[in-house]
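Structure, as structure tokens:
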Amino acid sequence: MIPNDPIMLLSYVNTQLRDFYPDLESLCRDKDLDREELCRKLAAADYEYDKKTNQFI
């Protein structure tokens, strides 16, 4: 289960990306997450995925 609060979600996702996954696609596949929905939730808090740094900024 992932957090619903956008800031908690940001922290969770970025930690997962930093510590365990080479890219967002791998994280979503492994955690069975909808990539578009995840990006939409974080975009609502003004964060977008940066492939170069492998994090939401």
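The values are calculated or read from the model by the stated rules, or taken from the named source; none is laboratory data. Keep in mind that what you see is a predicted model, and the values were worked out from it rather than measured. Note: ideal-geometry Cβ built from the backbone for every residue, glycine included; neighbour counts use all protein chains shown. With ligands, DNA and RNA removed, areas are computed over all heavy atoms of the protein, side chains included. Shrake-Rupley method; radii C 1.70, N 1.55, O 1.52, S 1.80 Å.
Some observations on this one:
- Meets criteria (in contact with a strand residue (DSSP E or B) (Cβ under 7 Å, 6 or more places away or on another chain) and of a type in the set (S, T, Y)) for Y12: no
- Every pair of residues 6+ apart whose Cβ atoms lie under 7 Å, when the first sits in the stretch 1-29 and is within 11 Å of Q55 (Cβ to Cβ) and open to solvent by 60 Å² or more (accessible area, probe 1.4 Å) while the second is not aliphatic (A, V, I, L, M) and not in a helix (DSSP H, G or I): R18/Q55
- Selected residue (criterion: least open to solvent (accessible area, probe 1.4 Å)) from residues of the stretch 34-57 that are in a loop (DSSP other than H, G, I, E, B) and over 15 Å from P6 (Cα atoms): N54
- Count of the stretch 16-33 residues which are touching a strand residue (DSSP E or B) at 6+ places or on another chain (Cβ under 8 Å), more than 19 Å from M1 (Cβ to Cβ) and of a type outside the set (K, R): 0
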